[in-house]
Amino acid sequence: MDSKVTGARVLLCVSGGIAAYKAAALTSTLVQRGAVVDVAMTAHAERFVTALTFSALTARPVYTTLWDAPEQIPHIRLVRQAQVALLAPATANMIAKLAYGIADDLVSTLLLAARIPVLIAPAMNEAMYEDAATQANLAILRARGYELIEPERGFLAEREYGTGRLAGEERILAALDVALLRSRSLAGKRVLITAGPTREAFDPVRFISNASTGAMGIALAREARARGAEVTLILGPTLLEPPGDVATVRVTTACRMHDAALAQGESDLIIATAAVADWRPAETSPSKRKKGDEDLVVRMVRNPDVLAALAARRRAFVVGFAAETDDHEPAARAKCAQKGLDAIAVNDVSGERGFGLGENALVLLWGQDGRLDLGRASKPVLAARLLDEVGVLMAARHGEA
Ligand SMILES: Cc1cc2nc3c(=O)[nH]c(=O)nc-3n(C[C@H](O)[C@H](O)[C@H](O)COP(=O)(O)O)c2cc1C
């Protein structure tokens, strides 16, 4: 059977629910399909199944505490070695800990330290699953880009029917296949991303800028990195932190962003999310302008078009972003054609929608009539959807070449 898990390194985290016994069966299937499985268990999971069972199935040590061989810093080593982590079964408790960044045992600590895709398969009593706290915690994890493998309705340990049964093995294996495919989808590719606003000063303390925070570009940089790309992020002024494992060039003005972007070598993929100021003040006063009674008239001159310059001078697959307040799609499609882009993601920014850390809604357009509604979701989730589709378009272009 053609399975992506063959040869893959999978970190299976088991927390303390009845369905822990199913994690043992899953481990056996993964091993039979050729995966290298490291298992980490919580102390409560060990009440249900012994570490010995997993150790015998994997022919590898099983990890149950932060404090065995601490000189090897197991929580970092285990997530670095793995390509994908799977929390199955995920207890209500572990879901809550992950949502709030609590790291008080091996499993919660290593999941917090993971930069690899993390799949979460909840399993619990229906009342626990439906509780508002659990649902809110799951929503937090979903918005952060964790892959949730929803539980099923069926016979529960309490001898009742309800929702909360661990997803069936085939669904978990299919989700692992997708995550592994994604995790390598940009392996060996160079990706250049521009993000954030620019600032155009008219004196040392005043500037013209916009509401962009760089959140979308940062989410894309993180997602591209997680898919194996070598990522360079050209980032305008923002308080948001870029991912630590992404080469980041900080810039302030549109001119600097233009120069920094064009100073980069050839890339395979360029995604321009930056909200680059179209104009800058013709003159910048070297000292703070004194306030008088008269109005201030500032003459603005055109900034270089970073996106058009990149599209004209690079062979990469170029994706632009269009933030429009009206007539979105025709305007974005026209921009795509006029600048020679391969695709454009359009979002409605009327009323400052689309800016900041909240949800966004994107539609991807390409060619004459290519269109995919990526829906409304958190920026990490949209970043994953966008890169899935861009991967398909890049492969199609490669096939044509
Ligand atoms: C018999 C029994 C079955 C349990 N089954 C579940 C379960 O299926 N899902 C769940 O979230 N918690 C379940 N619990 C509660 C958890 O074991 C408990 O919340 C524990 O603190 C989880 O610890 P952990 O997340 O560190 O593994 C069960 C408890 C007992 C005693």
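Taking GluC sites (Glu not before Pro) across the stretch 223-307, the ones in a DSSP loop with at most 11 further Cβ atoms lying within 10 angstrom of their Cβ are Glu266, Glu283, Glu294.
Would you be so kind as to identify which of Ala195, Ile234, Val381 lies farthest towards the positive end of the dipole of the chain, taking Lys and Arg as +1 and Asp and Glu as -1 on Cβ and the Cα centre as origin? Comparing the listed Cα positions along the dipole, Ile234 ranks first. Loop-located chymotrypsin sites (Phe, Trp or Tyr not before Pro) across the stretch 49-139 with a Cβ neighbour count of 11 or fewer within 10 Å are Trp67, with loop assigned by DSSP.
Can you list the DSSP H helices in the chain whose Cα atoms extend at least 20 Å along the helix axis and whose mean Kyte-Doolittle hydropathy is -0.5 or higher?
TM-like helix candidates: 169-183, 379-400.
When +1 charges are put on Lys and Arg Cβ atoms and -1 charges on Asp and Glu Cβ atoms, the dipole computed for the chain relative to its Cα centre reaches about 1000 debye. Once the chain from Leu239 to Tyr161 is taken as fully extended at 0.36 nm per residue, the excess over their C-alpha distance is 23.2 nm. A straight chain from Arg153 to Asp373 at 0.36 nm per residue would run longer than the Cα-Cα distance by 76.2 nm. Taking a ≥ b ≥ c as the square roots of the Cα gyration tensor eigenvalues, the stretch 162-269 comes out oblate, since a/c reaches at least 1.5 and a/b does not exceed b/c. Taking +1 at the Cβ of each Lys and Arg and -1 at the Cβ of each Asp and Glu, which of Pro122, Gly164, Thr29 sits farthest along the dipole of the stretch 9-183 towards its positive end, judged by Cα position relative to the Cα centre? Farthest towards the positive end: Thr29. Legend: ranking of residues Cys255, Cys336 from fewest to most surrounding C-beta atoms inside 10 Å; resulting order Cys255, Cys336. Cross-link partners for Lys22 among the lysines, with Cα-Cα distance under 28 Å and sequence neighbours closer than 8 places in the same chain left out: Lys4, Lys97. Taken one residue at a time, the phi angles of the stretch 154-167 give Karplus couplings (6.51, -1.76, 1.60, θ = phi - 60°) of x, 6, 9, 4, 7, 6, 10, 8, x, 8, x, 6, 3, 3 Hz. Gly and Pro are set to x. Within the listed set Asp348, Asp293, Asp131, the residue fluctuating most in the Gaussian network model of the chain (springs between alpha-carbon atoms under 10 angstrom) is Asp293. Using Cβ point charges alone (K and R +1, D and E -1), the dipole size of the stretch 190-400 about the Cα centre works out to roughly 580 debye. Under the shape rule built on the C-alpha gyration tensor, where the axes satisfy a ≥ b ≥ c, the stretch 160-215 is oblate, since a/c reaches at least 1.5 while a/b does not exceed b/c. Database remark: amide H of Val318 closer than 5 angstrom to the amide H of Ile270, Asp342, Ala343 (H placed geometrically; neighbours at sequence offset of 5 or more, or on other chains; Pro and chain starts carry no H).
A straight chain from Asp131 to Arg397 at 0.36 nm per residue would run longer than the Cα-Cα distance by 91.0 nm. Rounded, prolate or oblate: which one fits the stretch 9-183, using the alpha carbon gyration tensor with axes a ≥ b ≥ c (rounded when a/c is under 1.5, else prolate when a/b beats b/c, else oblate)? Because its axes are fairly even, with a/c under 1.5, the stretch 9-183 counts as rounded.
Nearest 500 deg cm²/dmol is fine: what mean residue ellipticity at 222 nm does the chain get from its DSSP H runs of n ≥ 4 alone, each adding -39,500 (n - 2.57), divided by its residue count? Per the formula, -10500 deg cm²/dmol.
Database remark: amide H of Ala167 closer than 5 angstrom to the amide H of Glu152 (H placed geometrically; neighbours at sequence offset of 5 or more, or on other chains; Pro and chain starts carry no H). A dipole drawn for the stretch 190-400 from +1 and -1 charges on Cβ atoms has a positive end, and of Val306, Val318, Ala219 the residue lying farthest that way is Val306. Summing Cβ point charges (Lys, Arg +1; Asp, Glu -1) relative to the Cα centre of the stretch 227-287 gives a dipole of roughly 160 debye.
For Tyr63, nonlocal amide neighbours, meaning residues 5 or more places apart or on other chains whose placed amide H falls under 5 Å from its own, are Val39, Ala40, Met41. Placing a label point 7 Å from the Cα of Lys288 along the Cα-to-Cβ direction, the residues of the stretch 190-233 with a backbone N closer than 18 Å are 201-208.
Each value in this text was obtained by applying a stated rule to the coordinates, not by laboratory testing. Quick caveat, the model's predicted, so the values are computed rather than measured. Here Cβ is always computed from backbone atoms with ideal geometry, including for glycine, and neighbour counts include all displayed protein chains.
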